[in-house]
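Everything on this sheet refers to the single structure shown next.
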Amino acid sequence: QVQLVESGGGLVQAGGSLRLSCAASGSISSIIHMGWYRQAPGKQRDLVAAIISGGSTNYADSVKGRFTISRDNAKNTVYLQMNSLKPEDTAVYYCNAVLLNLYYSGSSQYWGQGTQVIVSS
């Protein structure tokens with residue numbers, strides 16, 4: 001089994017900062033990429049940022065320049081530093097990992113349980 005455990009969500013005023021963390025554990029052979037998605041009420045789940053094993057990153061246009069994704073490969077942990085937060089950033093943030101499992105062939109996708117981020121105006 002693989003688990004993704006998120007932390008760091010909460011309530012913050014507009015212009016403030018939060019840092020999300022997601023630690024992957026379990027039967028992991030190697031991680032291909034990790035990322036963060038978010039889902040606001042009544043909306044679909046969208047990519048916020050992703051980072052591949054080589055370190056390349058990808059961001060949604062709406063967060064470029066404000067959010068930074070990073071990864072600690074030794075700890076199988078991905079971080080999302082969120083600065084200059086806006087009310088429209090309010091959503092449940094989900095950690096995502098695509099990885100090679102020790103016991104299954106091919107890659108598998110996993111999701112965290114989600115962490116709420118609320119930005120007040």
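The values are calculated or read from the model by the stated rules, or taken from the named source; none is laboratory data. Everything numeric here is computed off the predicted structure, so don't read it as measured data. FYI the Cβ positions are ideal-geometry reconstructions off the backbone, even for glycines, and counts take in every protein chain you see. Surface areas here come from the heavy atoms of the whole protein model, side chains and all, with no ligands, DNA or RNA. Shrake-Rupley method; radii C 1.70, N 1.55, O 1.52, S 1.80 Å.
Sub-7 Å Cβ pairs linking a first residue in region 93-112 that is under 30 Å from G10 (Cβ atoms) and open to solvent by 30 Å² or more (accessible area, probe 1.4 Å) to a second residue that is not polar (S, T, N, Q) and not in a strand (DSSP E or B), at least 6 apart or interchain, are Y94/R45; Y94/G112; Y94/G114, ordered by first then second residue. In region 62-78, is there at least one residue being of a type in the set (D, E), under 15 Å from the mean Cα position of the chain (by Cα) and buried (at least 19 other Cβ atoms within 10 Å of the Cβ)? Looking for residues that are of a type in the set (D, E), under 15 Å from the mean Cα position of the chain (by Cα) and buried (at least 19 other Cβ atoms within 10 Å of the Cβ), one finds none in region 62-78, hence no.
If we keep just the residues of region 45-75 that are part of a loop (DSSP other than H, G, I, E, B) and free of Cβ contacts under 8 Å to residues at least 40 places away in the same chain, which is nearest to H33 (Cα to Cα)? First the steps, then the outcome.
Here is the first cut: in region 45-75, the residues part of a loop (DSSP other than H, G, I, E, B) are 45, 53-56, 60, 64-66.
Then keep just the ones that are free of Cβ contacts under 8 Å to residues at least 40 places away in the same chain; that gives 53-56, 60, 64-66.
Numbers: S53: 6, G54: 9, G55: 9, S56: 10, A60: 16, K64: 19, G65: 21, R66: 21 Å.
Restricting to residues being part of a loop (DSSP other than H, G, I, E, B) and free of Cβ contacts under 8 Å to residues at least 40 places away in the same chain, the top hit is S53.
Annotation: G26 fulfils all but one of (1) at positive phi; (2) of a type in the set (G, A, S); (3) in contact (Cβ under 8 Å) with a residue 24 or more places away in the chain; (4) exposed (fewer than 13 other Cβ atoms within 10 Å of the Cβ); the unmet one is (4).
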